[in-house]
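The values are calculated or read from the model by the stated rules, or taken from the named source; none is laboratory data. Worth saying up front: this structure is predicted, and the values here are computed from it rather than measured. Neighbour counts run over all protein chains shown; Cβ positions are idealised from the backbone, glycine included.
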Number of protein chains: 2
Amino acid sequence: MNANAEQADRRYSVVSVDDHVVEPPNVFQDRLPAKLRERGPRVVSTDDADVWEIDGTRHPITGLSAMAGRSFEEYTPKALRFVEMRPGCHDAAQRLIDMDADGVDAELLFGTLAGLAGGTFIDLAAQDAELAMACMAAYNDWLASEWCAVDQARLVPQCILPLWDLQAAAIELERCIGIGHKAALLPGLPHVFDLPAFASDAWVPLLSTCEEAGVPIALHIGGSIGRKQAAETLGALGPDAGVPAETLVASAPLTNYGVLANVVFSGVPVRYPKLKIVSVESGIGWIGYFLERMDWTYERHRFWTHSQLTEPPSHYFRRQIYGTFLVDDTGIDTIERIGTRNVMWESDYPHTDTTWPKSRELIKTHLGHLAPEILHDVIAGNAVRVYSLET
Amino acid sequence: MNANAEQADRRYSVVSVDDHVVEPPNVFQDRLPAKLRERGPRVVSTDDADVWEIDGTRHPITGLSAMAGRSFEEYTPKALRFVEMRPGCHDAAQRLIDMDADGVDAELLFGTLAGLAGGTFIDLAAQDAELAMACMAAYNDWLASEWCAVDQARLVPQCILPLWDLQAAAIELERCIGIGHKAALLPGLPHVFDLPAFASDAWVPLLSTCEEAGVPIALHIGGSIGRKQAAETLGALGPDAGVPAETLVASAPLTNYGVLANVVFSGVPVRYPKLKIVSVESGIGWIGYFLERMDWTYERHRFWTHSQLTEPPSHYFRRQIYGTFLVDDTGIDTIERIGTRNVMWESDYPHTDTTWPKSRELIKTHLGHLAPEILHDVIAGNAVRVYSLET
């Protein structure tokens, strides 16, 4: 990085790499071709909530997706109406006001109905690929050209892709890069969607495009879980098993350990040495441990497995993988084990975990002891570099 | 603890809380009643391996269960013959010689054919509960009265239980305590075996017996995975999904995060405040993070979930939960976050992870900087207390 770029990234002093839009009702109906509009996502009002309906199937918006501004006592999983949500959930101008109140300069954005890696539409493609593709394009267009257009420097779009056709996904990615998207959202475990494993040649068009364009892939926790697959994937820990809800909530970040191991041992960093890979909302306090564990595994098992790796896993992690966190004292205590350039702060607005409106206060309390250069990297500089925010 | 007991536990200077026996061929045929012997586990020799056969179903012994003494280059998952294994795998006198060479005073023992929580026989019970119960009793008898009898102070048995009948399990536990067993092996996620959730009253007879007798429950990683359930439980990460084997190996310890969360949020420590709970082979370097994460979850979600907990999860962990590790620099760096009385060392002989024959050397290198009292607790004292080794 040259001196100008170092200087330039100082424009951002706090960047959150994981926040969510709650798609407003017009996203799809404004953009779908006439012949698909009837089957496309629309909001219907039931007796107690506003609910998305896609081709006859209903998708309520869980309250846990839109709790910013509520006290913990008011948290609820009950499906909500838009008017029950803080306007910043779905209105970009209001979001900027909330960001100002919180001292956050920029946000990297994920969807709600769309899923954390487009899973809702990947599921939909099994029954209607044309509609699913049109929904993805509508979401990507709306996010970049309408929502984030309100302030392109502060609201940063990330695209979802038609992964059931990886050639088409590469083309849609290039289109999205052209309209300002800064990252590609992928499921951490593609096989959960019956997609090829990351080791497959089928991924070359898409991952090479990401690598060459310098566009990171963002693997959000839960991103492998389409709505249809939720029961199956969470089976061993799901509510039907008599498992308390807090088990799932507390466990969610750590589910990405398997995602990280899978990406690394599948040889993704070997094959795409410049591809940037972000493990989103997974926390960082376990990563020091897991790098040790992956290296230990590599040392002992690489012979019989005929590993493609030529270096221990931690080498690839430090070169091109990133973890994100909200408040994570263990992670900060062990940051040298992870890499001070490999961690990025996030706010998770408007989910239940969000630091809003106390982000600055929490940063001061939990990160204030870091050396200024490291602090800047963690809360802004690393994100500016990873997502190329100023290019 | 009184001064005498403090003194007494110095008899042990290195205790490993996780090691494995490979059951020799006579275990079941020597002990099953005549009418069950024909269907009971027997070893048959195939062209290239010795294989257990139970009522017509074959269970090979994966090489990865018996690699002690091999170089990493020789590691193999290929099913083995007994003569290909280091004798200490299946012969108690030879095990003691290996322990002497490694400087290990005592070992807490798990099975191989039996599964890490008796899963093989829990599965078997669905088709033949009488045979399954007899196999469990035979295993428990053999382990305590034959294998560990070679040196009761150094070879410490842990029992498997007929969990499909939790009243019967409590009775078998009392019998096992009577013959010297020091812990009860349970699956971390009972619903994987279609057993009641830990929150259910059905567990009261067994868990109360453990609590009153001061006998810990040991939840070994992988213990929820019976042979039939392996594919289902590992589905999202399994080999059929094109996932590299190292992903599963590296990930295995961390699978217990959900086990810990489930035990805590199910209210087990609230209901059984003196029950000791051991998370076995899960490593400890992620636990500091996870305690923070569970407390954060409790703070935010306890209202709508109507949590039974009256204190944050970390309170219960420090009071009655323990983690075990082999080599874990991150865990040792963060030991104060976990609790110096909450971690125990293990050797995992004869599995691929084993520290044998370098245990003393690895302890010196990785733990040698700890204060002497803390070092003693971690490599012996905590285990002596948790498993009541000298009572």
_segment A:185-210, subset more than 15 Å from the chain's Cα centre (by Cα) and outside any helix (DSSP H, G or I), residue surrounded by the fewest Cβ atoms within 10 Å (Cβ to Cβ)_ = A:Asp194
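The rows are residues; the columns are (1) farther than 19 Å from B:Ser347 by Cα; (2) modelled with pLDDT under 95; (3) touching a helix residue (DSSP H, G or I) at 6+ places or on another chain (Cβ under 6 Å).
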| site | (1), (2), (3) |
| --- | --- |
| B:Arg58 | yes, yes, no |
| B:Glu74 | yes, no, no |
| B:Val83 | yes, no, no |
| B:Arg86 | no, no, no |
| B:Ala92 | no, no, yes |
| B:Met99 | no, no, no |
| B:Asp102 | no, no, yes |
*Filter pass, B:Gly368 being out of contact with any Lys or Arg (no Cβ under 8 Å at 6 or more places or on another chain) and in contact (Cβ under 8 Å) with a residue 24 or more places away in the chain*: no
*asked:* Filter segment B:162-201 down to the residues that are within 14 Å of another protein chain (Cβ to nearest Cβ) and among the aromatic types (Phe, Trp, Tyr) and list them by number.
replied: B:Phe193, B:Phe198
*Do you know which of the residues in segment A:161-184 that are outside any helix (DSSP H, G or I) and not hydrophobic (A, V, I, L, M, F, W, C) is farthest from B:Val243 (Cα to Cα)?*
A:Gly180
*Here is a list of conditions, (1) charged (D, E, K, R); (2) buried (at least 19 other Cβ atoms within 10 Å of the Cβ); (3) over 16 Å from the mean Cα position of the chain (by Cα), and A:Glu146 meets all of them except one; can you say which number that is?*
(2)
*Kindly indicate whether A:Trp286 is closer than 23 Å to A:Leu186 by Cα, more than 14 Å from chain B (Cβ to nearest Cβ) and crowded, with 24+ Cβ neighbours inside 10 Å.*
no
*Within segment A:78-94, is there a residue that is of a type in the set (A, V, I, L, M), in contact with a strand residue (DSSP E or B) (Cβ under 7 Å, 6 or more places away or on another chain) and in a helix (DSSP H, G or I)?*
yes
*Please indicate, with yes or no, whether at least one residue in segment B:323-337 is more than 14 Å from every other protein chain (Cβ to nearest Cβ) and aliphatic (A, V, I, L, M).*
no
*Find the residue count for segment B:25-82, including only residues that are β-branched (Val, Ile, Thr), more than 14 Å from chain A (Cβ to nearest Cβ), closer than 26 Å to B:Thr354 by Cβ and out of contact with any Asp or Glu (no Cβ under 6 Å at 6 or more places or on another chain).*
3
_With the requirement that a residue be aliphatic (A, V, I, L, M), outside any helix (DSSP H, G or I) and touching a residue at least 40 places away in the same chain (Cβ under 8 Å), what does segment B:32-50 give you?_
B:Leu32
*Single unsatisfied condition, A:Ser224 versus (1) surrounded by fewer than 21 Cβ atoms within 10 Å (Cβ to Cβ); (2) touching a Leu at 6+ places or on another chain (Cβ under 6 Å); (3) not in a helix (DSSP H, G or I)*: (1)
*Hey, can you tell me all the residues within segment B:303-321 that are within 11 Å of chain A (Cβ to nearest Cβ), modelled with pLDDT of 95 or more and over 18 Å from B:Ile217 (Cβ atoms)?*
B:Phe303, B:Leu309
*If you check B:Ile338, B:Ile363, B:Ile379, which single one turns out to be touching a strand residue (DSSP E or B) at 6+ places or on another chain (Cβ under 8 Å) and under 25 Å from A:Asp353 (Cβ atoms)?*
B:Ile338
*If you check B:Glu73, B:Glu53, which single one turns out to be in a strand (DSSP E or B) and either over 20 Å from B:Leu362 (Cα atoms) or over 24 Å from the mean Cα position of the chain (by Cα) (or both)?*
B:Glu53
